[in-house]
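Everything on this sheet refers to the single structure shown next.
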Amino acid sequence: MLHGKLAGTYDEVLRRNPGETEFHQAVLEVLSSLEPVVVKHPQYADAEIIRRLCEPERQIIFRVPWVDDAGQVQINRGFRVEFSSALGPYKGGLRFHPSVYLGIVKFLGFEQIFKNALTGMPIGGGKGGSDFDPKGRSDGEVMRFCQAFMTELYRHIGEYTDVPAGDTGVGGREIGYLFGQYKRITNRYESGVLTGKGLSWGGSRVRTEATGYGLVFFVDEILRTRQDSFDGKRVVVSGSGNVAIYAVEKVQQLGGTVVACSDSSGYVVDEAGIDLALLREVKEERRERIAAYVEARPGAYLVTDASIWDVACDVALPCATQNELDADAATVLARNGCTVVAEGANMPCTPDAIRVLAEAGVTYAPGKAANAGGVATSALEMQQNASRDSWTFEHTEQRLAAIMSGIHERCLETAEAYGQPGDYTAGANIAGFTRVADAMLALGIV
Ligand code: GLU
């Protein structure tokens with residue numbers, strides 16, 4: 001429940017952004033943590049910091065026309081929401097998925113402001129994407145779509161302005177086509193304009209692995225506070241995209257066993273532990289459905305008519321998509337003895353699920369803290385590009401681990417300082433918010 005001015009701000013968001021339910025959810029989640037902050041710092045309210053943050057600095061919507069392999073003209077819609085540049089150039093990924101509309105891009109962009117602030121690095125918040133569905137599209141179609149998308153986007157981005165990267169449906173292949181078209185149009189080899197680039201043309205080591213690795217580093221810090229570790233833990237990871245795959249890898253390196261993962265067609269249970277090489281072959285190389293994993297792996301089985309959260313585990317890592325883990329799932333997880341739920345995806349737990357987890361005493365780590373390793377490593381990529389340098393894997397991974405440990409510490413210290421010890425949601429929201437808010441105060445009414 002929000003009170004006073006915060007309630008008024010939320011009503012204004014509802015009124016000014018009709019139908020954008022995911023955006024409303026993301027705003028409410030942050031505002032719900034801010035009551036003690038506005039009490040302690042009235043200057044934020046006086047400068048209308050929160051109301052300004054809820055209104056993106058700039059929103060771009062554009063037509064993306066392209067021609068498919070059959071010669072048919074296709075029309076998609078492109079978005080870039082430049083939410084906040086108080087701490088640095090707008091920074092955040094591009095999502096290509098049929099569910100993308102303005103409300104999704106705004107929820108992601110809003111989250112990104114606080115996530116990026118929490119990393120402690122000089123990056124603002126933004127997000128973009130398209131309702132283009134890459135599923136079943138040929139390589140040539142994906143390339144032509146990316147070129148058409150960049151033909152409009154290029155005029156809005158730049159290493160000091162706005163630096164997109166990947167998200168769902170946008171990986172190394174897509175970033176390559178996008179960068180190629182940017183370079184062609186502008187006649188500039190501006191490495192710092194996109195992150196998630198290939199290693200041979202300006203990318204950073206560990207960027208591909210960073211979100212999944214960072215998530216597991218964060219959970220490792222949580223376990224450490226209880227003098228515990230991943231050793232011998234049963235872990236369930238939803239999804240089987242970039243975040244999930246590298247979360248599985250790091251859990252295995254730290255001695256845990258991942259017994260299930262999923263895609264939009266169902267989930268697989270593999271009690272012997274997910275065979276990572278096979279999973280990568282199926283999802284990254286062959287780009288097939290997860291059923292292909294089961295066909296090649298004796299002992300594993302596929303479930304298509306139930307929830308992956310029915311699988312008993314110690315640690316649950318939702319790495320698929322928004323609102324994939326609801327109150328029922330949270331109830332089952334808690335009953336089965338799960339003690340940590342950490343978000344690899346953005347906003348995968350519904351508000352009701354988060355409530356259930358809290359009541360059951362399950363530690364919940366919100367995405368804006370737990371999955372910040374991806375964008376933090378993007379900032380490391382920008383740093384390497386700016387100095388025309390290229391760091392080793394070990395050095396970059398160490399930097400990532402230190403950043404995740406710093407975020408974990410900042411969350412706990414902030415939660416403690418605001419009278420909510422151990423509450424990662426309050427810690428993440430308040431620490432992220434105050435860093436942006438202080439910068440906005442310093443920069444004046446802009
Ligand atoms: N899409 C990722 C996220 O949700 C990373 C964005 C980036 O690297 O800019 O944080």
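The values are calculated or read from the model by the stated rules, or taken from the named source; none is laboratory data. All values derive from a computational prediction rather than experimental measurement. Here the Cβ is made from the backbone with ideal geometry for all residues, glycine too, and neighbour counts use every protein chain on show.
Numbers for the structure displayed
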{"quantity": "Test for A117: is it surrounded by fewer than 24 Cβ atoms within 10 Å (Cβ to Cβ) and over 24 Å from F179 (Cα atoms)", "calculated": "no"}
{"quantity": "Pair list, Cβ < 6 Å and 6+ apart or interchain, from region 354-377 residues that are touching a residue at least 12 places away in the same chain (Cβ under 8 Å) and more than 21 Å from C338 (Cβ to Cβ) to residues that are more than 9 Å from the ligand (Cβ to nearest atom) and outside any helix (DSSP H, G or I)", "calculated": "A372/T119; A376/T119; T377/V206"}
{"quantity": "Segments classed as strands (runs of 3 or more DSSP E), wholly inside region 45-118, with at least 2 members that are more than 23 Å from I445 (Cα to Cα), without any contact (Cβ under 8 Å) to a residue 40 or more places away in the chain and more than 16 Å from the ligand (Cβ to nearest atom)", "calculated": "73-84"}
{"quantity": "Unmet requirement for L276, which otherwise passes all of (1) surrounded by fewer than 20 Cβ atoms within 10 Å (Cβ to Cβ); (2) of a type in the set (A, V, I, L, M, F, W, C); (3) touching a Phe, Trp or Tyr at 6+ places or on another chain (Cβ under 9 Å)", "calculated": "(3)"}
{"quantity": "Residues (assigned to a loop (DSSP other than H, G, I, E, B), closer than 19 Å to P366 by Cα and not acidic (D, E)) located in region 280-331", "calculated": "C313, C319, A320, T321, Q322, N323"}
{"quantity": "Test result for I185, among the aliphatic types (A, V, I, L, M), more than 18 Å from N76 (Cα to Cα) and free of Cβ contacts under 8 Å to residues at least 40 places away in the same chain", "calculated": "yes"}
{"quantity": "Filtered residues of region 126-141 (kept if away from the ligand (no atom under 16 Å from the Cβ) and buried (at least 24 other Cβ atoms within 10 Å of the Cβ))", "calculated": "F132"}
{"quantity": "Residue in region 359-381 that is away from the ligand (no atom under 16 Å from the Cβ), closer than 23 Å to T211 by Cα and in a helix (DSSP H, G or I) present", "calculated": "no"}
{"quantity": "Residues satisfying the stated conditions in region 247-273, i.e. surrounded by fewer than 20 Cβ atoms within 10 Å (Cβ to Cβ) and assigned to a loop (DSSP other than H, G, I, E, B)", "calculated": "L254, G255, S264, S265, E271, A272, G273"}
{"quantity": "Residue check for G406: part of a loop (DSSP other than H, G, I, E, B) and more than 17 Å from the chain's Cα centre (by Cα)", "calculated": "no"}
{"quantity": "Test: residue in region 26-35 that is surrounded by 17 or more Cβ atoms within 10 Å (Cβ to Cβ) and touching a Pro at 6+ places or on another chain (Cβ under 8 Å)", "calculated": "yes"}
{"quantity": "Selection within region 142-186 - among the β-branched types (V, I, T) and either crowded, with 17+ Cβ neighbours inside 10 Å or closer than 17 Å to V64 by Cβ (or both)", "calculated": "V142, T151, I157, V163, T168, V170, I175, I185"}
{"quantity": "Matching entry among G374, G361, G419 (being of a type in the set (G, A, S) and closer than 25 Å to S84 by Cβ)", "calculated": "G374"}
{"quantity": "Residues (touching a Phe, Trp or Tyr at 6+ places or on another chain (Cβ under 8 Å), within 12 Å of the ligand (Cβ to nearest atom) and part of a helix (DSSP H, G or I)) located in region 194-214", "calculated": "T208, A210, T211, G212"}
{"quantity": "Filter result (assigned to a helix (DSSP H, G or I) and more than 28 Å from A244 (Cβ to Cβ)) within region 129-179", "calculated": "R144, Q147, A148, T151, E152, Y154, R155, H156"}
{"quantity": "Only listed residue being over 29 Å from A386 (Cβ atoms), in contact (Cβ under 8 Å) with a residue 60 or more places away in the chain and among the aromatic types (F, W, Y), chosen from F217, F230", "calculated": "F230"}
{"quantity": "Complete set of residues in region 421-444 that are closer than 23 Å to F217 by Cα and in a loop (DSSP other than H, G, I, E, B)", "calculated": "P421, G422, D423"}
{"quantity": "Positions within region 215-231 being in a helix (DSSP H, G or I) and of a type in the set (G, A, S), in sequence order", "calculated": "none"}
{"quantity": "Total residues in region 402-439, condition hydrophobic (A, V, I, L, M, F, W, C) and farther than 23 Å from E48 by Cα", "calculated": "8"}
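Yes/no per residue for (1) in contact with an Asp or Glu (Cβ under 6 Å, 6 or more places away or on another chain); (2) modelled with pLDDT of 95 or more:
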site	(1), (2)
V13	no, yes
R16	no, yes
T21	no, yes
L31	no, yes
H41	no, yes
A45	no, no
R58	yes, yes
